[in-house]
Structure formats: C-alpha cells, structure tokens
Amino acid sequence: MRFIMLCEGQNDKVFLHETLTYKLNVDPTHIKTYQEARSLKRDIRSNRWKRISILETGGFPQLIKIAVRLTRQFWYLRTSLSMWVIADSDKGPVFNKLVEYMDEYLKTQCKRHNVNPQFIWCESKQKIIVSFRDERKIAIWVLEIPESLETKVSRALKSKYASLRSINTDDETIRAASNLLGINRKEVIRRSVRLLENERWFSDFCSKLERNINHR
C-alpha cells in the first residue's frame with residue numbers, strides 16, 4: 001500500500017512529516033515531500049515514489065482540485081493507493097466540497113473517456129472510494145485540523161512562552177517564536193508537534209492516520 005498526503009501549504013507539510021516520524025515512528029526514508037504535483041507524478045511514473053508522499057498544494061482551493069485530478073490521472077496504477085486530503089476546518093465543510101467537485105469533474109464526458117470512474121462516499125467515515133475498470137480502486141480520506149494548524153501552533157506557543165501572549169495574530173506569534181528561539185519558521189512548526197502531543201484533537205488526528213497507515 002502506498003499513501004499520498006495532500007495538504008494546503010509548507011507549514012502543513014512540515015507538520016505532517018514530523019507527526020509521521022516522531023509520533024507514528026515512520027522511517028523517514030519511507031517518506032518524500034513535494035512542492036509540485038508534477039514532481040510527484042514524475043516519481044510515480046518512474047516508480048521512484050516512496051511509501052508515503054506528502055504534497056503541498058498551495059492553498060485550499062488548489063488542494064481540492066489537485067486531489068480530484070490526481071485521482072483521475074492515477075487510474076492506471078496497479079499499486080494499492082490511499083490518498084489523504086488534510087485541511088483546516090476554518091475553510092468550511094472540506095468533505096462536502098471534495099465530493100461536490102469530484103462529482104462535477106468526473107461527470108464530464110472527457111474525464112470519463114476510456115476510464116469511466118465511479119465513486120461512492122461515506123460522510124460519517126469521511127471516506128471516498130473511486131473505482132475504475134479492472135476493479136482498480138483509490139481510497140480518499142478527509143482529515144481536518146480544527147480551526148487551523150497555525151492557530152493551534154500559535155496557541156501552544158503562547159501557553160509555553162509568556163512573552164508571546166500579547167501578540168495578536170497567529171503568523172506574528174510564529175514569527176516572534178522563531179526570533180525568540182533562534183530557529184527558522186520550519187523548525188518552529190516541527191517542534192510544535194511536541195507541544196501539541198497531549199491535546200485531544202491531535203491524539204485523534206494521529207489515531208486516524210495510524211489506523212490507516214498500519215492497516216494490512
């Protein structure tokens with residue numbers, strides 16, 4: 001089984017990589033991160049992709065579009081594939097938007113040509129199954145971060161460092177933490193996994209990932 005994790009931006013990508021390696025004990029050599037979908041597709045075509053691929057998509061609208069388009073483009077894969085769409089909940093009902101866009105996209109005749117994809121979904125499980133000919137299937141899971149990752153990180157930083165508590169915005173808080181600790185923004189996000197590990201939402205988040213990744 002291979003896994004593709006799609007997220008909104010660089011912060012999410014760093015956070016996911018650290019979550020997988022630190023919390024779920026995934027070997028880092030089994031993970032590769034990407035800034036562009038074309039790089040991921042190139043690695044897949046040449047069979048150089050890792051067990052887990054993490055792709056930042058450049059924001060929520062692109063995240064939904066790329067998730068659906070990759071699903072259609074990967075119809076030829078013989079390898080079992082599970083895709084995760086990971087987004088902040090402040091963008092609205094992520095699952096519903098994904099289903100809506102997928103329905104609109106896949107019903108277009110040119111997208112169905114020679115492939116005829118069908119999909120079913122289960123809102124309670126936040127799961128979509130896309131089926132192609134020859135019984136090939138791709139499972140898509142939606143996983144939301146309550147509010148936003150930046151809000152969660154900012155709040156955890158303020159809880160630990162009193163000097164940050166008067167700062168107004170999440171972005172300013174993360175920037176100030178970078179200056180306070182003498183580390184770059186990427187490292188602030190990476191270390192935030194340890195600050196968040198006792199929070200209920202994060203435990204649930206990790207449990208959902210772990211159940212899927214370790215399923216055989």
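Scan region 144-155 and report the pairs whose first residue is more than 10 Å from TRP201 (Cα to Cα) and whose second residue is of a type in the set (Asp, Glu) and surrounded by 16 or more Cβ atoms within 10 Å (Cβ to Cβ), with Cβ atoms within less than 6 Å and a gap of 6+ or a chain change.
Going by the 6 Å Cβ cut-off, the qualifying pairs are SER148/ASP88; LEU149/ASP12; GLU150/ASP170; THR151/ASP170; SER154/ASP170.
Scan region 181-212 residue by residue and report those that are in contact with a Phe, Trp or Tyr (Cβ under 8 Å, 6 or more places away or on another chain) and either farther than 29 Å from SER82 by Cβ or surrounded by fewer than 17 Cβ atoms within 10 Å (Cβ to Cβ) (or both). Write out each step before concluding.
Pass one, region 181-212, residues in contact with a Phe, Trp or Tyr (Cβ under 8 Å, 6 or more places away or on another chain): 189-190, 192-194, 196, 208-209, 212.
Within region 181-212, ARG194, LYS208, ASN212 qualify.
Looking at region 21-38, which of the residues that are polar (S, T, N, Q) and in a helix (DSSP H, G or I) is surrounded by the fewest Cβ atoms within 10 Å (Cβ to Cβ)?
Per the stated criteria, the residue is THR29.
Spot the failing condition for CYS110; the list is (1) modelled with pLDDT of 95 or more; (2) out of contact with any Cys (no Cβ under 7 Å at 6 or more places or on another chain), and only one is missed.
Single failed check for CYS110: (1).
Taking the stated definitions as given, is SER178 free of Cβ contacts under 8 Å to residues at least 24 places away in the same chain, outside the structural domain of LEU81 (by TED's automatic domain parsing), surrounded by fewer than 19 Cβ atoms within 10 Å (Cβ to Cβ) and of a type in the set (Gly, Ala, Ser)?
Spelling it out, SER178 is indeed free of Cβ contacts under 8 Å to residues at least 24 places away in the same chain, outside the structural domain of LEU81 (by TED's automatic domain parsing), surrounded by fewer than 19 Cβ atoms within 10 Å (Cβ to Cβ) and of a type in the set (Gly, Ala, Ser).
Restricting attention to region 178-206, which residues are over 14 Å from THR21 (Cβ atoms) and modelled with pLDDT under 95?
If the condition is that a residue be over 14 Å from THR21 (Cβ atoms) and modelled with pLDDT under 95, then ASN198 is the only one that fits.
Yes or no: ASP171 closer than 26 Å to LEU20 by Cβ, among the acidic types (Asp, Glu) and outside the structural domain of LYS23 (by TED's automatic domain parsing)?
yes
Spot the failing condition for SER159; the list is (1) part of a strand (DSSP E or B); (2) exposed (fewer than 13 other Cβ atoms within 10 Å of the Cβ); (3) touching a residue at least 24 places away in the same chain (Cβ under 8 Å), and only one is missed.
The one condition SER159 does not meet is (1).
Is one or more of the residues making up region 3-12 in a helix (DSSP H, G or I), buried (at least 20 other Cβ atoms within 10 Å of the Cβ) and modelled with pLDDT of 95 or more?
yes
The rows are residues; the columns are (1) buried (at least 20 other Cβ atoms within 10 Å of the Cβ); (2) of a type in the set (A, V, I, L, M, F, W, C).
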site: PHE74; (1), (2): no, yes
site: ILE86; (1), (2): yes, yes
site: LYS97; (1), (2): no, no
site: TYR101; (1), (2): no, no
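Just for region 39-54: of the residues that are closer than 15 Å to ARG2 by Cβ and more than 17 Å from the chain's Cα centre (by Cα), which one is surrounded by the most Cβ atoms within 10 Å (Cβ to Cβ)?
Taking the candidates together, the pick is ILE44.
Could you list, in sequence order, the residues of region 164-175 that are surrounded by fewer than 19 Cβ atoms within 10 Å (Cβ to Cβ) and either in contact with a Leu (Cβ under 7 Å, 6 or more places away or on another chain) or outside any helix (DSSP H, G or I) (or both)?
Hits for region 164-175 are LEU164, ARG165, SER166, ILE167, ASN168, THR169.
Check region 57-66 and report whether any residue there is under 17 Å from GLU123 (Cβ atoms) and in contact (Cβ under 8 Å) with a residue 12 or more places away in the chain.
Yes; the residues of region 57-66 include at least one that is under 17 Å from GLU123 (Cβ atoms) and in contact (Cβ under 8 Å) with a residue 12 or more places away in the chain.
The values are calculated or read from the model by the stated rules, or taken from the named source; none is laboratory data. Source: prediction; values computed, not measured. A quick note on method: Cβ atoms are made from the backbone with ideal geometry, for glycine too, and the neighbour counts reach across all protein chains shown.
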